[in-house]
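The values are calculated or read from the model by the stated rules, or taken from the named source; none is laboratory data. Remember, it's a predicted structure, so these values are computed and weren't measured experimentally. A quick note on method: Cβ atoms are made from the backbone with ideal geometry, for glycine too, and the neighbour counts reach across all protein chains shown. Just so you know, the surface numbers come from the protein's heavy atoms only, side chains and all, with ligands and any DNA or RNA stripped out. Shrake-Rupley method; radii C 1.70, N 1.55, O 1.52, S 1.80 Å.
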Amino acid sequence: MDFQVVVLAGGTSKKLVPLVSKEVPKALLPVANRPVISYVLELLELSNLKDIIVAVEGKEAYDCVEHWIVEAYIDRLRIQVERVPDDVGTAGALRAVAHLLTAKDILVVSGDIVSDVSPGAVAAAHRRHDAVVTTMLCSAPVSGPSDSGSSVTKDKAKKPGHYNRIGLDPTKQFLLYIATGAELEKDMRIQKNILCAVGQMEIRSDLMDAHLYAFKRSVLQEVLNQKDKFQSLKQDVLPYLVRTQLASEVVLNGVPQPEENGNEKASYQNNQEMLSQILANSSTSSFHELHALGPKCSLPVRRTHKCCVYIASNSKYCMRLNSIQAFNDINRDVIGDASHLSGYSFSAHNNIIHPSAELGSKTTVGPHCMLGEASIMGDKCSVKRSVIGRHCRIGSNVKVVNSVVMNHVTIADGCTIQNSVVCSNVQLQDRVVLKDCQVGANFVVTTGSECKGEALAKKEK
Amino acid sequence: MDPRRPPRTVIDPKVRQVGFFAAPEPIASSPPVSDISPSGNSLSPVMIPPPRHSSDAARPVLFSPVPPASPGRRDSLAPSDLFPASSPTASSPCADAECAFSPGRPLRSNSVRPAAAVTMSSSLPGRGFDLTAAVTASSVPATGLMKIPSGFSVKNAGKARNASVEVENEQGSNSKPLKEKTTKAERRAIQEAQRAAKAAAKGEGKAASVVSAAASASVNVKPHKATKAPTVAASEKKGGGGERPVEKERKKEVPPPRMQYDDTSRVEKAKRRSVVKQTEARNRVELFRHLPQYEHGTQLPDLESRFFQLDPVHPAVYKVGLQYLTGDISGGNARCVAMLQAFQEAIKDYSTPPEKNLSRDLTAKMSSYVSFLIECRPLSISMGNAFRFLKSRIAKLPLTLLESEAKASLQSDIEQFITEKIILADKVIVRHAVTKIRDGDVLLTYGSSTAVEMLLLHAHELGKQFRVVVVDSRPKLEGQRLLRRLVGKGISCTYTHINATSYIMHEVTRVFLGASSVLSNGAVYSRVGTASVAMVAHAFRVPVLVCCEAYKFHERVQLDSICSNELGDPDVISKVPGMEEINCLNNQANCGNLQPLNLIYDALPSDYVSMIITDYGMVPPTSVPVIVREYRREQLWM
């Protein structure tokens, strides 16, 4: 279908700091014991997209990601992992891989999406309108877990900046305005010409940009080349395209629009003109064409381009792993509500316990739980709504609620872990109580310590 | 030809002819026949001829000096006149006429057919045509069992042509039993032949008449002695030698019966093959169950989500299909152009797989594209024609051609088709039609037709002073787009909905309509509502001019809007966007005894059409079959 896919896998995100490290870049953070990027890759594979470019920031991250991808997908997908310089932003990353892009349209996917929305739908909407950019919007996540209200107290106070303001036309097909968190001010500026042309704009704050874009390659490359200050797709490129949609500065279709001075080919051009007129007259024209025609209905005088949206239906799942809260939520959802994403088959008790895992007597593993390979649990433990990784050794009388415990974690007797993330190779000594904490990799929590809302990590040397 | 024919009063005979095999009595001979034949029992269209009457032999004599039919005679076209066969007339002209038009059938009885072909040709298709064709029999077919040359001259609306056909009585055929039933294909062939013959008689060139004569010459009626015109001689040759092949060919052309969607097993089969997943609608109107109707809104998400899985479909074709499905592209010309351009793209990117033949593989590929498009929205007739053209071009590619050359030639063929059949055709239509616009005219148009729009704009450019009434209808409101463009050009317009047609028609002097297709019987197949506009115009004696490119003509015959139509989303007629307060049907969508119906097209009988303006000139609707037949081989399909 003449599409190329670029997965922006990022590097080590600062927002996720105690969780990510040099060994575990953002793309490899485990979601239900699988790296998060595998969800994207499998979504693409499901859509029959097998040629994928993965852009990774930073050397260590690149090494890790490439190693993992080669191992996991060598026989299934043709994945090209590219290293892009540090801190260039999403636009910079695309600039770095621009030389690999040849197809007519480019699908840009963020590597941290966990979703079941078919990218084909976005691509189809893109093609249908012959748009310059199409972005996928999904309903913004309700802050905090939906069913266990008590668990999240602190993170509920989200910064308002996480919301987008998105302006749509009445048919909900075109993007008229977009402002994202960081630049959000009290008042918003909307182009008068856009508003005049559309007549009616719907401004929504319950939608979220899912970071799945379809770009027209020629336009994308042109914008990236000309505006070398643009750092981020979301904050620079997309608003720029939306802003200029009725006064287009980009060259559509790679060729400049025909000038009005055809001499020897006048008749041919005349025919082409009539043809396009026939097509244009009989098709439902969006406000773009109407605006381009101007009030006099003469030949197109203004150049326009279209920015489309695809709004995922509410029944679809779509989340981005871009904060610790989101990490918790996604882990919980993938083994809970959105369990079809995980790719595991659930037992009768609605949980997954690897056959090699050992449970002590009177230990209960509740529904929506996952227990990884070769993990050992002592007696009288209780696990609720949590993910426990591989090769963990958990002593007796341990309570794990609403938490993520990664691989090779040792938890001594009598610990209580609630609403926390415990990274790989962590040691929790006896009677540790963690609540709303994140424990970085290789950290040792000493006996009897009680933590609440802390990020514990080793100092980087 | 006079576009403002006097109104015809008789409409029924056309309907009667459908599907039955009964030849109406030639009009010219009607007065005696109607007198003689007991009209009371003559109405049954299919009948076995009763045993011959002794009086039969004398009967034909009665016709002998057939007076020229007066225009008023048309009214006598009542069924009783048309089917005198029930009277003891096995040998009567009527019975022969029947045979004359069913070349494939064995004779049911002998007899003398005085120029059956000719008379039939002028009378059979029957309607929408000035039957003033005065048929004068110069010499009379005498008795049943004798071979008598008869000279017959057919005079048509000023163009007189004499054809004398001698009818040979074939004794051998007498003995043959009557074939019980004709197949559908045969019947269709017969009907077409009749129609063609009539149209030819009407006033085309000589060539037409030759062909029609040949086509209508039957097995038993052998025009063998050319008494007057050389045309007859030609027809004799053709009639004698080349008739069988013609017949066979025609049979081949008859399309297979289309899918009937009330046939459950076939629907199941088709569903398994289909690319687009479609859910069938539940509450369907009984009368339209044979048409495909799907739950709207289920197709698009499915098609979208499998965007990347539809490998066999070329992206350009996919895009066009998507635009059909969502209604982004509508209108016959635009859909056809979009399809052809998509095919052009597809051909450009095509490469023959190893060990395969380009023409075969490409044909298969194109067919798969077309079936994909059909699943998105049923193909219009014009698109079907265009695709037939493309297929024939692919089939006729010389085998020696390199792949690149073949592709280039196909692409230029498509280009040429678009240019000649659509763009230039529109220009020619505009040039013809603009002569019909005079200063001070009030022109009415319905919906949004490209040809009509170009006509109006052109007339405006020429400086003609006229006013336009744009009639529109829900739910598509296509007229608004047309209106916007016309007003933008400074044409003074009136905009109204179809409910007000009868009111606005008082001031209208001409009605210009577009068409999705024009069928062989002159019926205009167009956006639903066209028929009612034309009928109102007819009632007000306003001429109705239909602008239609010749590539949209089709040899199919359709008498009503039921047998072939398209069903749109029934929800859009019950819901008015933006007016929630009147949407009171919302919660009754799945109510068992509510069956919403949203027809897309309707068929306008040719009676209501004064003239069809096409790229071959302005013709009466009865001449459509001539154009279909004459130009299809040479030009449309090349």
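Points worth noting:
- Test: residue in segment B:347-354 that is open to solvent by 60 Å² or more (accessible area, probe 1.4 Å), within 10 Å of chain A (Cβ to nearest Cβ) and at pLDDT 85 or above: yes
- Set A:Ser342, A:Ser382, A:Ser375: member being at pLDDT below 85 and either open to solvent by less than 30 Å² (accessible area, probe 1.4 Å) or of a type in the set (Val, Ile, Thr) (or both): A:Ser342
- Test for B:Gly384: is it of a type outside the set (Phe, Trp, Tyr) and within 14 Å of chain A (Cβ to nearest Cβ): no
- Residue pairs whose Cβ atoms lie under 9 Å apart, separated by 6 or more positions or on different chains, with the first residue in segment B:438-461 and free of Cβ contacts under 8 Å to residues at least 60 places away in the same chain and the second assigned to a helix (DSSP H, G or I) and basic (Lys, Arg), are B:Glu453/B:Arg485; B:Met454/B:Lys427; B:Leu457/B:Arg485; B:His458/B:Lys427; B:His458/B:Arg431.
- Residues of segment B:485-494 that turn out to be more than 14 Å from chain A (Cβ to nearest Cβ) and crowded, with 18+ Cβ neighbours inside 10 Å, as a count: 0
- Test: B:Leu443 is touching a Leu at 6+ places or on another chain (Cβ under 8 Å), surrounded by 22 or more Cβ atoms within 10 Å (Cβ to Cβ) and either more than 13 Å from chain A (Cβ to nearest Cβ) or over 22 Å from B:His506 (Cα atoms) (or both): yes
- Every pair of residues 6+ apart whose Cβ atoms lie under 7 Å, when the first sits in segment A:1-25 and is away from chain B (no Cβ under 14 Å) while the second is among the aromatic types (Phe, Trp, Tyr): A:Leu16/A:Phe327; A:Leu19/A:Phe327
- Filtering segment A:1-24 to residues that are touching a strand residue (DSSP E or B) at 6+ places or on another chain (Cβ under 7 Å) and more than 13 Å from A:Gly440 (Cα to Cα) leaves A:Asp2, A:Phe3, A:Gln4, A:Val5, A:Val6, A:Val7, A:Leu8, A:Ala9, A:Gly10, A:Gly11.
- 1 or more residues in contact with a Lys or Arg (Cβ under 7 Å, 6 or more places away or on another chain), modelled with pLDDT of 90 or more and of a type in the set (Val, Ile, Thr): qualifying strands (runs of 3 or more DSSP E) within segment B:496-535: B:517-519
- Test: residue in segment B:418-430 that is closer than 23 Å to B:Thr352 by Cβ and surrounded by fewer than 22 Cβ atoms within 10 Å (Cβ to Cβ): no
- Verdict on A:Glu42 being within 25 Å of A:Val122 (Cα to Cα) and either assigned to a helix (DSSP H, G or I) or open to solvent by 20 Å² or more (accessible area, probe 1.4 Å) (or both): yes
- Considered as a group, the residues in segment B:456-484 that are more than 31 Å from the chain's Cα centre (by Cα) and not aromatic (Phe, Trp, Tyr) include one that is surrounded by the fewest Cβ atoms within 10 Å (Cβ to Cβ), and that residue is B:Gly463.
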